Amino acid sequence: MNLMGLFRRNTSAPVARERLQVLLAHERAFVGKSDLLAVLQEEIIQVIARHVTIDREKVQIKLDRGDPIATLEIDVEVPTAAAAAAAGGTKLGARPAMAGG
Amino acid sequence: MTTVLVVTSGKGGVGKTTSAAALSAALAQSGQNVVVVDFDVGLRNLDLVMGAQRRVVFDLINVVQGDAKLAQALIRDKRIDTLSLLPASQTRDKDALSAEGVERVIDQLREKFDWVVCDSPAGIERGATLAMRHADAAIVVTNPEVSSVRDSDRIIGLLDSKTARAEKGERIDKHLLLTRYDPVRAARGEMLKTEDVLEILSIPLLGIIPESELVLRSSNLGSPVTIGNPNSPPARAYFEAARRLRGETLVVSVPAQRRSLVGRLFGRRAVA
């Protein structure tokens with residue numbers, strides 16, 4: 001063990017490196033694409049709302065980045081006439097697959 | 001063929017202007033015709049760093065808006081006659097830069113110079129995106145420090161998506177310039193190493209500029225380090241980076257100041 005060993009416990013560069021690697025892996029995947037989800041959600045709601053009455057709060061959109069394909073999952077609750085009185089609703093699911101990853 | 005080169009970083013204070021001035025002066029000293037353009041509208045400083053602050057009459061905005069001819073706004077360096085400066089406006093803001101106007105000015109500069117070096121403002125707003133817009137190549141100036149590396153990563157993303165070349169599906173050459181590097185602290189594990197930054201950012205290394213008191217001294221004096229102290233370690237690093245930009249293959253090293261033990265103890269530089 002050399003003299004440097006005495007200082008080794010104070011090394012912060014490896015921590016910096018690891019923190020950056022984790023952070024950037026996340027940021028690279030989401031930067032520029034977080035907007036895409038918001039835009040998709042808004043446009044999809046508009047299209048559906050043109051034809052059926054939906055509750056804007058009951059729309060869920062999820063993007064799952066898998067390898068080799070990513071899936072876009074859109075979950076829209078469409079209340080039936082009866083459901084307007086009672087609680088609950090019919091679920092209309094759409095799962096178009098997005099190419100790429 | 002002219003190369004339009006943007007010097008950018010995202011983060012402020014990492015040495016964009018210092019590096020743009022030092023590299024431009026180094027390129028110009030090798031006989032190339034170089035113009036360095038300050039895109040930091042409203043916060044111009046390249047004129048001051050290059051010692052030309054009292055010679056500014058017209059600026060980039062005047063040329064972009066057609067109020068002055070390009071030749072009237074260009075300031076030729078008094079020390080190196082192949083080096084010119086196109087200053088930014090100090091009184092206007094970035095909204096005065098139009099995309100078409102910038103494109104026209106860059107096209108005109110391409111006809112006159114071998115290198116058009118665009119000194120980008122910090123940030124990712126209009127000034128920075130216009131500075132990189134027409135670039136063929138980019139120098140990403142990074143300090144071995146977490147916030148600088150993160151911002152550089154973001155800028156690399158923009159270079160790959162928002163530049164004219166990227167939009168045409170063409171490549172833009174990106175180079176990493178690591179500044180304010182302290183090899184002793186890096187070896188002790190107190191500072192990110194060159195390899196760490198390279199691995200994280202994955203762009204080729206143009207040069208490593210060692211931390212040096214001479215860099216502050218040169219901006220104090222308005223004389224880029226490659227003009228005022230051409231044999232100093234930071235100047236040597238900039239000269240080597242300039243040669244790599246011109247296509248030479250050189251092994252990257254960290255130029256060091258030779259210090260004797262006595263010099264080290266008393267904090268004085270030994271005779272090099």
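Side notes on the structure shown:
- Some residue of the range B:53-68 being of a type in the set (Asp, Glu), over 20 Å from B:Ala20 (Cα atoms) and free of Cβ contacts under 8 Å to residues at least 40 places away in the same chain: yes
- Extreme residue, nearest to the chain's Cα centre (by Cα), among residues of the range B:167-185 that are among the hydrophobic types (A, V, I, L, M, F, W, C) and in a strand (DSSP E or B): B:Leu177
- Residues in the range B:141-166 that are within 14 Å of chain A (Cβ to nearest Cβ) and outside any helix (DSSP H, G or I) were compared, and the one that is nearest to B:Lys94 (Cα to Cα) is B:Lys162.
- Test: residue in the range A:8-23 that is modelled with pLDDT under 65 and not hydroxyl-bearing (Ser, Thr, Tyr): yes
- Among the conditions (1) touching a strand residue (DSSP E or B) at 6+ places or on another chain (Cβ under 7 Å); (2) modelled with pLDDT under 95, the only one that B:Ile156 does not satisfy is (2).
- Number of the exception - A:Ile45 against (1) at pLDDT 75 or above; (2) closer than 30 Å to B:Arg150 by Cβ; (3) not basic (Lys, Arg): (2)
- Qualifying residue in the range B:152-164 (condition: out of contact with any helix residue (DSSP H, G or I) (no Cβ under 8 Å at 6 or more places or on another chain) and of a type in the set (D, E, K, R)): no
- Those residues of the range B:111-132 which are assigned to a strand (DSSP E or B) and either within 14 Å of another protein chain (Cβ to nearest Cβ) or of a type in the set (D, E, K, R) (or both), in sequence order: B:Asp119
- Taken together, B:Asp81, B:Asp119 contain a single residue that is among the acidic types (Asp, Glu) and crowded, with 24+ Cβ neighbours inside 10 Å, which is B:Asp119.
- Test for B:Ala135: is it within 28 Å of B:Leu176 (Cβ to Cβ), modelled with pLDDT of 95 or more, assigned to a loop (DSSP other than H, G, I, E, B) and away from chain A (no Cβ under 14 Å): yes
The values are calculated or read from the model by the stated rules, or taken from the named source; none is laboratory data. Small disclaimer: the values here were computed from a predicted structure and weren't measured. Backbone-built Cβ (ideal geometry, glycine too); neighbour counts: all protein chains shown.
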